[in-house]
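Values quoted throughout were computed directly from the atomic coordinates according to the rules given, and no laboratory measurement underlies them. All figures in this text were calculated on a predicted structure; none of them were measured in a lab. Note: ideal-geometry Cβ built from the backbone for every residue, glycine included; neighbour counts use all protein chains shown.
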Amino acid sequence: MNERQLIATIRDKASFLCVGLDPDPDRMPPHLGTGPDAVLAFNKAIIDATADLAVAYKPNVAFYEALGPDGWDVLSDTLAAIPSDCLRIADAKRGDIGNTATRYARAAFEQWGADAVTVAPYMGRDSVEPFLAFEDKWTILLAATSNPGAADFEFHGAEGGQPLWRRVFEVSRTYEGAERLMYVVGATRPDWLAECRAAAPDRFLLVPGVGAQGGTLASVCDAGWAEDLAGGLLVNVGRSLLYASAETDFAAAARREALAIQQAMAVVLASDR
């Protein structure tokens, strides 16, 4: 899915919702059973219930690795179950150099079937450009996250006294294939989000942290909106949607949650910002 197609999908669905598919077996409805098959059944039910309301899905690879060898099949089958009009994001947070980075990219794009993968930029150009070499795919760089430990490095001064996250934006835009970059920016600090939008006015931002982590849709849109990109935001919602119910109606409850978010997004998209 290229940028033009993504923007068209956002407008068609009046949504910029990204559903985080991070299935926790301890929180899944008991009637599904246990094991990899139960996780896949859970994921497919969530996808089927929300596909007309979401523009992206983001399975976090760790939740599938934790299932053992069968988890890789569950991940691939989950990504395959996502409709083609939705962006498939593998949240792997990879970060290595040279041939290793290329192998990580091939795993995500060719084996799993992802459209995008999250990448840690700490090791620099040669850890990112192997992902950008895939012309029809997206690379989503971690930039300004909202976890407490982000202060250790991301918000620490770099050259010229700038925080490291700002250098991530500035330098990555010089990489070969930089037009296929997106950035991860947390929702819980709108002031950071506004600064990140100013640093990347023409790039999509993947924004986790709305819902269970305390971020709000209104504050994210106020701080991060990019009109030329139909907002330029992919707002990720995970736990508050996945676990809206732990009973047999879990998929219907997830749909109600997704519908409420989509309707709020439709109002924003229709407004004259």
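Could you run through segment 98-124 and say how many residues are over 19 Å from THR78 (Cα atoms) and either in contact with a strand residue (DSSP E or B) (Cβ under 6 Å, 6 or more places away or on another chain) or surrounded by 15 or more Cβ atoms within 10 Å (Cβ to Cβ) (or both)?
Number satisfying all stated conditions: 5.
Report, by residue number, each residue of segment 235-255 that is over 16 Å from the mean Cα position of the chain (by Cα) and in a loop (DSSP other than H, G, I, E, B).
Within segment 235-255, TYR243, ALA244, SER245, ALA246, GLU247, THR248, ASP249 meet the criteria.
Give segment 1-19 a look and list any residue that's surrounded by fewer than 23 Cβ atoms within 10 Å (Cβ to Cβ) and of a type outside the set (A, V, I, L, M), or say none.
Once the filter is applied, which keeps residues that are surrounded by fewer than 23 Cβ atoms within 10 Å (Cβ to Cβ) and of a type outside the set (A, V, I, L, M), segment 1-19 yields ASN2, GLU3, ARG4, GLN5, THR9, ARG11, ASP12, LYS13.
State whether the residues of segment 256-265 include one that is acidic (Asp, Glu), in a loop (DSSP other than H, G, I, E, B) and more than 18 Å from TRP138 (Cβ to Cβ).
Taking every residue of segment 256-265 in turn, none turns out to be acidic (Asp, Glu), in a loop (DSSP other than H, G, I, E, B) and more than 18 Å from TRP138 (Cβ to Cβ).
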